[in-house]
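Each remark here refers to the structure printed beneath this line.
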Amino acid sequence: MSFDLLVLDLDGTLLHDDLELNPAQVNAFRRAMERGLTITVATGRMPRAAARYVAELQITAPVILYNGALVRDPVTGRDLLSLEISPGLPWKVYQSFAHAPVHPLFYRDDHLYCLELTPPIAAYCRERRLTPEIVTDPEPFLRLGGFMKCLFIGHPADLRPLREEIASQLGTEARLVLSRPDQLDLLPAAASKGAALGFLTRHLGIPLSRVIAVGDEENDLEMLQESGLGIAMAHAPEEVRAAADRVAPSADAGGLLGLLTELCPERFA
């Protein structure tokens, strides 16, 4: 089987502690694109926080953002798919997260908002080179429409009960997914990287069977399952590795590039 599309998660897959792309991977991906492989990214990040990586990789195919709530053409800036959380829903669950030891962030109109600039939020924004807008009156703001995503930063032990409490209030109105063990995303009900991948392949005219997807967290599960070949990173949780067709070897054993060279020698060798 040959493959025509490679979809890559960013954080935890291409990006690690230093949040910089590996030059060897960048060069290999650029060469693969010159040899006819379409490459894009699928990330939980907002457009501004993903833009520099998209530019460095020289990606021209539509990118998946906000964990599948947005598919955007990076060349024209046109949104091909845009999903929003139901108006007023963030306020509906406000009491749950306001009284939990978590740090909420809100994404709306390509802007980032917080209720208080706590140290975890400040660290998150520094890493992504973002400046949040502080909301002083939460009720009218959270009753608005137009939210693409809400994010709760906290210790995994605190996110678990919060997830259960919020899920009991939401039903099928929205979905909750971990993008990292310490980051819980509230998304539009129809948003997932897997659904966005299906939309993207129809837009590009590429069968899902000819897609390789790579990820490392719960928010990548649907994408790995939808693609023709799903690759989990070696450090991914067990449920993610179990859902994947292959697990990338460690860096000492060739890493992701070694596996991609095995799978697509005509693109990477």
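The values are calculated or read from the model by the stated rules, or taken from the named source; none is laboratory data. Bear in mind the structure is a predicted one, so any value in this text is a computation, not a measurement. Here the Cβ positions follow ideal geometry from the backbone for every residue, glycine too, while neighbour counts run over all protein chains shown. Accessible surface is based on the protein model in full, side chains and every heavy atom, while ligands, DNA and RNA are left aside. Shrake-Rupley method; radii C 1.70, N 1.55, O 1.52, S 1.80 Å.
For region 10-33, give me the residue count where each residue is more than 19 Å from Gly254 (Cβ to Cβ), in contact with a Gly (Cβ under 9 Å, 6 or more places away or on another chain) and in contact (Cβ under 8 Å) with a residue 60 or more places away in the chain. Spell out the reasoning first.
Here is the first cut: in region 10-33, the ones more than 19 Å from Gly254 (Cβ to Cβ) are 10-11, 15, 17-20, 30, 33.
Okay, now just the ones that are also in contact with a Gly (Cβ under 9 Å, 6 or more places away or on another chain), so 10-11.
Remaining after also requiring in contact (Cβ under 8 Å) with a residue 60 or more places away in the chain: 11.
So the answer is 1.
So which of Val93, Val135, Val177 is within 23 Å of the chain's Cα centre (by Cα), at pLDDT 95 or above, among the β-branched types (Val, Ile, Thr) and farther than 23 Å from Leu65 by Cα? Show your work before the answer.
Details: Val135 fails: within 23 Å of the chain's Cα centre (by Cα); Val177 fails: farther than 23 Å from Leu65 by Cα.
Being within 23 Å of the chain's Cα centre (by Cα), at pLDDT 95 or above, among the β-branched types (Val, Ile, Thr) and farther than 23 Å from Leu65 by Cα holds for just one of Val93, Val135, Val177, which is Val93.
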| Residues in region 26-74 that are out of contact with any Pro (no Cβ under 9 Å at 6 or more places or on another chain) and over 21 Å from Cys125 (Cβ atoms): how many? | 18
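Among the candidates Gly145, Gly194, Gly198, single out the residue that is small (Gly, Ala, Ser), touching a residue at least 12 places away in the same chain (Cβ under 8 Å) and assigned to a loop (DSSP other than H, G, I, E, B). Let's see the steps before the verdict.
Working: Gly194 fails: assigned to a loop (DSSP other than H, G, I, E, B); Gly198 fails: assigned to a loop (DSSP other than H, G, I, E, B).
The match here is Gly145.
Let's see how each residue does on (1) modelled with pLDDT under 95; (2) under 16 Å from Arg267 (Cβ atoms):
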position: Leu8; (1), (2): no, yes
position: His16; (1), (2): yes, no
position: Phe29; (1), (2): no, yes
position: Glu34; (1), (2): no, yes
position: Thr40; (1), (2): no, yes
position: Val63; (1), (2): no, no
position: Val71; (1), (2): no, no
position: Gly77; (1), (2): no, no
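Here's the yes/no breakdown for (1) among the β-branched types (Val, Ile, Thr); (2) buried (at least 24 other Cβ atoms within 10 Å of the Cβ); (3) at pLDDT 95 or above:
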position	(1), (2), (3)
Leu187	no, yes, yes
Ala190	no, no, yes
Val211	yes, yes, yes
Pro237	no, no, yes
Ala253	no, no, no
Leu260	no, yes, yes
Cys264	no, no, yes
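Given the residues Arg210, Arg246, which is the only one that is more than 27 Å from Phe152 (Cα to Cα), in contact (Cβ under 8 Å) with a residue 40 or more places away in the chain and basic (Lys, Arg)? Even if it seems obvious, please write down each step before you answer.
Values: Arg246 fails: in contact (Cβ under 8 Å) with a residue 40 or more places away in the chain.
Within the list Arg210, Arg246, the selection yields Arg210.
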| query | Taking Pro90, is it in contact with a strand residue (DSSP E or B) (Cβ under 7 Å, 6 or more places away or on another chain) and buried (at least 20 other Cβ atoms within 10 Å of the Cβ)? | reply | yes
| field | Which listed residue is farther than 24 Å from Leu186 by Cβ and not β-branched (Val, Ile, Thr), from Leu83, Leu37 | value | Leu37
| query | Counting just the residues of region 107-133 that are β-branched (Val, Ile, Thr) and free of Cβ contacts under 8 Å to residues at least 24 places away in the same chain, which one comes out surrounded by the most Cβ atoms within 10 Å (Cβ to Cβ)? | reply | Thr118
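Restricting to region 1-26, name every residue that is part of a helix (DSSP H, G or I) and over 19 Å from Asp220 (Cβ atoms).
Within region 1-26, the subset part of a helix (DSSP H, G or I) is 23-26.
The answer is Pro23, Ala24, Val26.
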| request: With the condition kept exactly as written, say whether any residue in region 63-72 is of a type in the set (Val, Ile, Thr), open to solvent by 10 Å² or more (accessible area, probe 1.4 Å) and closer than 17 Å to Val177 by Cα. | output: no
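Using the structure shown, decide if Phe29 is of a type in the set (Phe, Trp, Tyr), at negative phi, buried (at least 16 other Cβ atoms within 10 Å of the Cβ) and assigned to a loop (DSSP other than H, G, I, E, B). Can you show your working first?
Details: of a type in the set (Phe, Trp, Tyr): yes; at negative phi: yes; buried (at least 16 other Cβ atoms within 10 Å of the Cβ): yes; assigned to a loop (DSSP other than H, G, I, E, B): no.
Considered against the rule, which asks whether it is of a type in the set (Phe, Trp, Tyr), at negative phi, buried (at least 16 other Cβ atoms within 10 Å of the Cβ) and assigned to a loop (DSSP other than H, G, I, E, B), Phe29 comes out as no.
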